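One structure is given below, encoded as structure tokens.
Just so you know, all these numbers are worked out from the coordinates, no wet-lab data involved. In this text, all values refer to a predicted model and were calculated from it rather than measured experimentally. Ideal geometry is used to build each Cβ from the backbone, glycine not excepted, and the neighbour counts take in all protein chains shown.
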Amino acid sequence: MKKTLKYSTLALFSMLFINSCCLMTSRDCNCEPPDSALTQEALDWITPYDGKTFFIFADSIGNLDSFRVTRSSTTEFFGGEECGTNAQVEIAKLSSGKYANLLFTTTAKENKRVIFNEGTSPDDFLGGELFSSSNNDVFGRRNTTATFNANAFWNGLPITTIHLSCADSTSCDSFEMQNILVSKEFGLMLYFTKDGRRWVRKG
């Protein structure tokens, strides 16, 4: 009886040790963790903000608003519990100098995922995400319709855009920014505020 118990305990310990190998290193479990680096396509949506301090926007009657640009980098765990990795995350945040509640964020994470207004309330901010790949799948979150356009033009220049707008069944009255247009080449380009004013990037 004691011998059987001893062997059962040893077998259980061995099984736990083998199963816990993934906690030490994913590769010990013969798995391939996802790539920790962002794809170039995902990074392309962040690079318009690199080295920039402010973006200036103007409404139709010449009022100006300056958005402070804040860039940050971090890592987040990505993948399954036993086969993941600490992956690169790049964030660009724009905050208005004129309106305290006005902001826009772009986050690139999980290898090829680009998220617009991650972490903001879906009742106050439109948001969506792009899986930057050959298909370029785009999704609007609750209250948001997201549209991808690889053949857009801005002042005669070819650009790739994401357009975030209120979903058909949604009232737009509560959203701080409406009809947002963001470009892979230039970043945030255009938006409407809840008072109906259209703001366009200068320069």
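Taking just the alpha-carbon atoms of region 115-203, what radius of gyration and Dmax come out, in angstrom?
Considering region 115-203 through its Cα atoms, Rg and Dmax are 12.9, 38 Å.
Starting from the Cα-Cα distance between S133 and D195, subtract it from 0.36 nm times their residue separation and give me the gain in nm to one decimal.
This chain segment gains 18.7 nm when fully extended.
Quick one: which of K52/K202; K93/K184; K112/K184; K109/K202 span more than 21 angstrom between C-alpha atoms?
Checking Cα-Cα distances, K109/K202 exceed 21 Å.
Ranked from highest to lowest mean number of other Cβ atoms within 10 Å per residue, what is the order of the peptides 52-58, 69-75?
Averaged packing, sorted descending, gives the order 52-58, 69-75.
Rounding to the nearest 20 debye, state how big the charge dipole of the chain is about its Cα centre with +1 on each Lys and Arg Cβ and -1 on each Asp and Glu Cβ.
400 debye
Taking neighbour counts of Cβ atoms within 10 Å as a proxy for exposure, in what order, fewest first, do Y99, Y49, Y191 appear?
Listed from fewest to most nearby Cβ atoms, that is Y99, Y49, Y191.
Between helix 2-19 and the chain, what is the angle of the helix's C-alpha long axis to the longest principal axis, kept within 0 to 90° and rounded to the nearest 10?
30 degrees
With a sphere of radius 15 Å drawn around the Cβ of S66, what net charge do the other residues whose Cβ falls strictly inside it have (Lys, Arg +1; Asp, Glu -1)?
That works out to +4.
Dipole of region 126-203, Cα-centred, from +1 at each Lys and Arg C-beta and -1 at each Asp and Glu C-beta, to the nearest 20 debye?
240 debye
Expressed as cubic angstrom per residue, what is the convex hull volume of the alpha carbon set of region 50-203?
Normalising the Cα hull of region 50-203 by residue number yields 131 Å³.
May I ask you to compute the full-extension gain from K202 to N155, defined as 0.36 nm times their residue separation minus their alpha-carbon distance, rounded to one decimal in nm?
The K202-N155 span can extend by a further 15.7 nm.
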